[in-house]
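What follows is one structure encoded as structure tokens, with my remarks underneath.
The values are calculated or read from the model by the stated rules, or taken from the named source; none is laboratory data. Worth saying up front: this structure is predicted, and the values here are computed from it rather than measured. All Cβ positions, glycine included, derive from the backbone under ideal geometry; neighbour counts span all protein chains shown.
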Amino acid sequence: MKFLRSAALAALVAVSGQAASAEDVINAVHFTPASTDFSKEFLRFVDAVNERGKGVVRIDVKGGPEVIPNPQLGAAQQSGLIDMLHTPAGLYLEIVPEGEAFAASTLPPSELRANGGWELLDGIYARKGNAKLLALLNASAGFHIWTVDEPKLTEDGMLDFTPLLIRASPLYKQFFENLGATLVIQPAPEVYTSLERGVINSNAYPALGYHAFGWDKFTKYRVDPSYFRMDVLITMNLDAYNALSPEAQKIVTETAMEFEQKSYDETAALAEKLKQEMVDGGMKVVEMTGAGKDKFLAAAAAASWERMEARDPTDVPKLRELFK
């Protein structure tokens, strides 16, 4: 099935002999339901491209996880089944494990572009995932652990993971295993039912999108500090990107970079606003302290690099240098 195509915008006019113009059409899928903050931001990007690209390029959004389930997103883009993805690098790690560098880094996207880190990972995504990196979104906020019951801290101030049955994605798997946690790996659409039925009693996710999923109905505690950085990417199938006209490429690429910076500037404030709204609704905050907090953050920093080295150490030294 060919997703990227040229659609005629005007019929040939016999009397004038003018050739028809053509508009490049990019089919896209986002990883969360349209009601979440993540997807709303992506849809604003789509609107901006479509406004600037009238007659040149158009993004046609097919939907969210109901169209392509999250575990299949990377393979769908790699094969050309879909042109554009809005998805975290953490859902793509079976194809491009080096994408975990985005979550491990504390640098803003602008610095990664300036120091060569973006170019390095773009080449890795092209080679391994047949993908073109366009933008890194939401990188100014992190992830939290959320619990049904009041969490306990160990003597040194770290969260006691032993009572937790925690939902995790592939991104956090190594991290939580290193801390001795019991994990349930499942995509976001399954979490509500798992919390409702008591299959899990804790969750790991950013503040963005959390209330939209309804999970705060069950998890009444948020554990601070946050860990990792958010790693939501806009990417394109490389063949589809290369098939765009130069003008279309310019519109898509420049708009993506603008939204990347806007997202970084606004995400941290939005995350704090959403967290406060949940606190105002009755959620309580438990703060890790002292040596335990330091141990937790150090484990988070180490886990991603350990897993990348185990999967493919080829580019890890250079990535560690640039994504510090």
Q) Does residue 111 satisfy the criteria of being in contact with a Ser or Thr (Cβ under 7 Å, 6 or more places away or on another chain), acidic (Asp, Glu) and either in the same structural domain as residue 260 (by TED's automatic domain parsing) or surrounded by 17 or more Cβ atoms within 10 Å (Cβ to Cβ) (or both)? A) no
Q) Scanning for something at pLDDT 95 or above and among the polar types (S, T, N, Q), does region 91-106 turn up at least one residue? A) no
Q. Quick check: anything in region 279-298 touching a helix residue (DSSP H, G or I) at 6+ places or on another chain (Cβ under 6 Å), part of a helix (DSSP H, G or I) and either outside the structural domain of residue 234 (by TED's automatic domain parsing) or over 30 Å from residue 219 (Cα atoms) (or both)?
A. no
Q: Hand me the list of helices (runs of 4 or more DSSP H) wholly inside region 63-154 holding 3 or more residues that are farther than 24 Å from residue 249 by Cα and in contact with a Phe, Trp or Tyr (Cβ under 9 Å, 6 or more places away or on another chain).
A: 100-104
**Q.** Among (1) surrounded by fewer than 17 Cβ atoms within 10 Å (Cβ to Cβ); (2) not assigned by TED's automatic domain parsing to the domain that holds residue 244 - the single one residue 127 does not satisfy
**A.** (2)
Q.
So if I check each of 252, 199, 285, 191, which one is within 30 Å of residue 51 (Cα to Cα), of a type in the set (A, V, I, L, M, F, W, C) and either surrounded by fewer than 22 Cβ atoms within 10 Å (Cβ to Cβ) or in contact with a strand residue (DSSP E or B) (Cβ under 9 Å, 6 or more places away or on another chain) (or both)?
A. 252
Q. Only one residue in 268, 298, 256, 291 is under 25 Å from residue 136 (Cα atoms), modelled with pLDDT of 95 or more and hydrophobic (A, V, I, L, M, F, W, C). Which one?
A. 256
**Q.** Matching residues, region 179-201, being over 20 Å from residue 94 (Cβ atoms) and out of contact with any Lys or Arg (no Cβ under 7 Å at 6 or more places or on another chain)
**A.** 179, 180, 181, 182, 192, 193, 195, 196, 197, 198, 199, 201
Q) Residues that are more than 24 Å from residue 109 (Cα to Cα) and assigned by TED's automatic domain parsing to the domain that holds residue 133: which helices (runs of 4 or more DSSP H) entirely in region 187-244 hold 2 or more of them? A) 238-243
